[in-house]
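The structure under discussion appears below in the form of structure tokens.
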Amino acid sequence: MFRGYWPVAGCLAVLLGLAGGCATTGAGGGDARDLHLVRTTYGTVPDQGTAYLYTLTNANGMEVRITNYGGIVTSLLAPDATGAFADVSLGYPGLEGYFDNNPNFGCLVGRFGNRIAKGRFMLDGQDYTLAVNNGPNHLHGGILGFSKKLWDAKPVRREDAVGLKLTYVSADGEEGYPGTLQTTVHYWLTNANELEIVYEAVTDKATPVNLTFHGYFNLDGEGDILDHEMMINATRYTPVDDTLIPTGELAPVANTPLDFTTPVAIGARIDADHEQIRRGGGYDHNYVLNGQDGSLALAARVYAPESGRVMEVYTTQPGIQFYSGNFLDGTITGKAGKAYQKRYGFCLETQHYPDSPNQPAFPSCILRPGEKYFQKTVYRFTTR
């Protein structure tokens, strides 16, 4: 239950906990009363309203900060092998930095994450045209996708986790997409040191839907990520053309630099003389997850030897995009005045395959009236 509201540093704060006498032990061994959430005013979004920053903390001291502008995770504090906390996410020092946010730091992406070829698709015999904002293609929902919207937010809790419920209604025709799409995203921070994201959506007209989280991670908290050891549970991937649109093939990763079926340092083959590596400037590819049947399953594991942090990704989705921060170039000044150089962060975006509306052989991404879109992804943090 809510304990109450009171002013903090000129802002309204909310502390979320369990009533006395109702405490239970969470998966991380903490008391549920140690879960809490604080809301502060983050700033003003032009033509939209006030953005808030929600700080979620679990019983182990892990902390996640989320703003309802774009559903952006602005920081994620996780412990290393010695118990020291560091921010393992890339982002900006304040709200204004996210207004442009070309790298898409930490945001929710929709209505369709990743690329759609030439910003066009046909659905039920009708042609639809979308914004072209990535070379000749449509990327991450367009010019004013979900990452640029102010979402309605409500603090929530359950026995083992504190969370934030975000809702957004995308109007019929927004960015060229058909149908009014009602979207709900729950962020949960659990006592097992997991960031759990649950996505749901319904529509009144058939439409492509591919929601995802575009977090950039660096498990050391600074420097490049080339020594991070990556495992991806996929024996196939979707090769891309020169504009990073899938060719339609599901190709084996075996005997290529894209093979992460066993742990390999990200930097070991990132500049290999291979056509797919050259096209992506490194890794920027969708992996076809092994045996994915819609249940929550391990998709990837990353280990940083320097800090000892481990991040595991579990998802219900058929694919995961591994992006190695190839287009960061040092021109962005992030948190604590850091200039984000090439490959200072990596993304693991759970998803339907890129360009799915134009690729009938790929798993369908079409949501129809009467159906419910559901996607669950968990980022679990441990050490070794």
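If you check 192, 201 for being assigned to a strand (DSSP E or B) and more than 14 Å from the chain's Cα centre (by Cα), only one passes: 201. When the stretch 140-156 is filtered for residues that are in a loop (DSSP other than H, G, I, E, B) and surrounded by fewer than 18 Cβ atoms within 10 Å (Cβ to Cβ), the ones remaining, listed by number, are 143, 144. Residues in the stretch 227-260 that are part of a loop (DSSP other than H, G, I, E, B) and over 23 Å from the mean Cα position of the chain (by Cα): 241, 242, 247, 248, 249, 250, 253, 254, 255, 256, 257. Per the conditions (1) buried (at least 16 other Cβ atoms within 10 Å of the Cβ); (2) within 30 Å of residue 34 (Cα to Cα), the sole criterion not satisfied by residue 159 is (1).
Whether a residue is outside any helix (DSSP H, G or I) and under 18 Å from the mean Cα position of the chain (by Cα) was assessed, and residue 166 passes this test. The single residue among 305, 360, 354 that is in contact (Cβ under 8 Å) with a residue 12 or more places away in the chain and over 20 Å from residue 264 (Cα atoms) turns out to be 354. The requirement of being of a type in the set (Val, Ile, Thr), closer than 30 Å to residue 206 by Cβ and over 14 Å from the mean Cα position of the chain (by Cα) is not satisfied by residue 72. With respect to the conditions (1) closer than 19 Å to residue 215 by Cα; (2) out of contact with any Ser or Thr (no Cβ under 8 Å at 6 or more places or on another chain), residue 126 lacks only one, and its number is (1). Look at the stretch 222-236 and say how many of its residues are out of contact with any helix residue (DSSP H, G or I) (no Cβ under 8 Å at 6 or more places or on another chain) and either modelled with pLDDT under 95 or under 27 Å from residue 355 (Cβ atoms) (or both). Selection size over the stretch 222-236: 6. Could you list, in sequence order, all residues of the stretch 291-323 that are under 23 Å from residue 375 (Cβ atoms), in a loop (DSSP other than H, G, I, E, B) and polar (S, T, N, Q)? Residues satisfying the conditions are 292, 295, 316, 317.
Put simply, of 256, 243, 261, 247 the only residue that is without any contact (Cβ under 8 Å) to a residue 60 or more places away in the chain, surrounded by fewer than 17 Cβ atoms within 10 Å (Cβ to Cβ) and within 28 Å of residue 341 (Cβ to Cβ) is 256. Against the definition (of a type in the set (Phe, Trp, Tyr), touching a Gly at 6+ places or on another chain (Cβ under 6 Å) and touching a residue at least 40 places away in the same chain (Cβ under 8 Å)), how does residue 187 come out, yes or no? So residue 187 passes the test.
Restricting attention to the stretch 38-96, the residues being of a type in the set (Ser, Thr, Tyr) and not in a strand (DSSP E or B) number 2. Scanning the stretch 261-318 for residues that are basic (Lys, Arg) and under 22 Å from the mean Cα position of the chain (by Cα) returns 301, 309. Among all residue pairs at least 6 apart or on different chains, which show Cβ distances below 7 Å where the first residue, located in the stretch 127-139, is in contact (Cβ under 8 Å) with a residue 12 or more places away in the chain and in a loop (DSSP other than H, G, I, E, B) and the second is buried (at least 18 other Cβ atoms within 10 Å of the Cβ) and of a type in the set (Val, Ile, Thr)? Here the result reads 130/116, each pair linking the stretch 127-139 to a residue that is buried (at least 18 other Cβ atoms within 10 Å of the Cβ) and of a type in the set (Val, Ile, Thr).
Among the residues making up the stretch 171-191, none is surrounded by fewer than 21 Cβ atoms within 10 Å (Cβ to Cβ), among the aliphatic types (A, V, I, L, M) and closer than 30 Å to residue 312 by Cβ.
The values are calculated or read from the model by the stated rules, or taken from the named source; none is laboratory data. Just so you know, these numbers come straight off a predicted model, no measurement behind them. Don't worry about glycine lacking a Cβ; one is built from the backbone with ideal geometry, like all the others, and counts go over all protein chains shown.
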